[in-house]
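Coordinate-derived values only; no laboratory data. Because the structure is a prediction, the values reported are computed rather than measured. Positions of Cβ are generated from backbone atoms using ideal geometry, with glycine treated the same way; all protein chains shown enter the neighbour counts.
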Amino acid sequence: MILPSTLFSSFNLRYAHMLIGKKMMTTAELTYKKIFWLWVPLALTWAMMAAEVPFITGVIARLASAKYNLAAFGVAMAIGMIVEAPIIMIFSTTVALTKDKDSFIKIWRFLFTLNLAITAIILVIVFPPVFRFIANDVLRLPPEVAKLTHLSTLFMLPWPAAIGFRRLYQGILIRFGLTRRVTFGTMTRLTTGVITALALYKFTDLPGAYIGTITLSTAVTVEAIATRLMTQSSICALKCGDVKLSAGKHNRESLTYRFIVKYYIPLALSSMLGIGMQPIITFFMGQSRYPVESLAVLPVLNAFIFIFRSFGLSYLEVSLAMLGDDNIFYRKLRNFAYTLGLILMSLYILVVFTPLGRIWLTKVAGLKHELVDFSVLPMQLAFLLPAQSALLSLQRSVLLNSNRTRFVSLTAGIEVTTIFLLLFLNIKFFNLVGAVAAIGALATARILSTTYQQIMVMRTLRS
């Protein structure tokens, strides 16, 4: 039950000043306990999001023509993620820049414009002549997969805009220290997704790929609405001038549309480059050994890896909100990130290098034994990625807090270039199975890009 905004006003103000208000904490006042309790709700949020796709692919795997439908769902989801890439970083931008009524309104208008643009892009993509060119000439999808992917992509139409608004309002909640409400919003998404998928599974004869994309769009739309309702009191506090939040270094900047664009473009480019590797991977999968099998297991593998990475990725906004002016709390946040990364990597290794990995693939993901054999080695190649995600979040928070967003996009460029080169070599020259080549290239590229970004972070801290 969501209480009226008046009951939350004093609560919001207290958290705003305690966590990110104008009176900054001293180094001694930031404890690991405070970091932990701000991070836990966000970690649960990301964990629930990570559980969404494995649940959906598990439903699809239990329907007819599972191999083709899993492949089509993976391609449609990749297209949706590419289109939504420009608005992914609105979450971090809101946390970094929102400080008063004027900044909130400008960021909201900026997002609204982006949402209109990306919704129009999906409409263009699903226009039959355009889609046939993408599916047949660019991605070279098998005919059965291409046919299922077309309508599945159309069902993703509400997805990007809903993601954009949801991430904006989640950023506001984090600015006020209300991370538990972020978790509650994601609970509504997960519940809606489960109900929608099971209802379509039981009462319709829709192909699995259609069920998957309808479920995704419905769930995230409900989450966006719920999150907006929960930010009502916080937005009122900003608009009424009851609170003015600290924005770190950005307090010294005049927040104009020009500044927002200059700040955001490198972040958008990093997301577009990072997610842009999906069609690159899909293209090479079509040229590899066992293309349909590789396309079928890839969304399952990505979803499994993301479960472990999500706990590290959720650390970005926590670190960004608590770094303070001149990154004065970096050391404690760094120690927390290192510990988190080691724990996540250890748990991942415990699963994928024991029979637990096959149990997950068969009992949870619902894969047939022929597809399980394609999945085990790629899962094991990704063992460093959970630790890398925690380090990545810490690094990006420092760069965003220091207004050095260009290094974020440069890091993404290194990653995408490395993936392209490795896929080309592994498939064209070494003739590897597509899934093995993809996950191996992804893991290698992320380690290299994170190493470069760490160098940039150290230079930033020294300056």
For the stretch 5-462, what mean projected area does the convex hull of the alpha carbons give, in nm²? 20.5
Any aspartates and glutamates whose Cα falls less than 16 Å from that of Lys147, other than same-chain ones fewer than 8 residues away, would be Asp137
Spin-label pair Lys147/Ile455, simplified geometry with 7 Å Cα→Cβ offset, distance in nm: 5.1
Determine the distance separating the Cα centre of the stretch 186-205 from the Cα centre of the stretch 34-66; give it in Å without decimals. 14
Dipole of the chain, Cα-centred, from +1 at each Lys and Arg C-beta and -1 at each Asp and Glu C-beta, to the nearest 20 debye? 1180
Could you rank the peptides 424-436, 275-287, 310-322, 129-141 by their average count of other C-beta atoms within 10 Å per residue, with the highest value first? 310-322, 275-287, 424-436, 129-141
If you line up the long axis of helix 143-154 against the longest principal axis of the chain, both from Cα atoms, how many degrees apart are they, to the nearest 10? 30
Could you please report the charge total around Leu216, scoring K, R as +1 and D, E as -1 over all other residues with beta-carbon less than 10 angstrom from its beta-carbon? 0
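Taking every eigenvalue of the Cα gyration tensor of the stretch 119-208, multiplying by 5 and rooting it, what semi-axes result, largest first, whole Å?
32, 20, 9
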Which net charge results when you count Lys and Arg as +1 and Asp and Glu as -1 among the other residues whose beta-carbon is under 12 Å from that of Ala72? +1
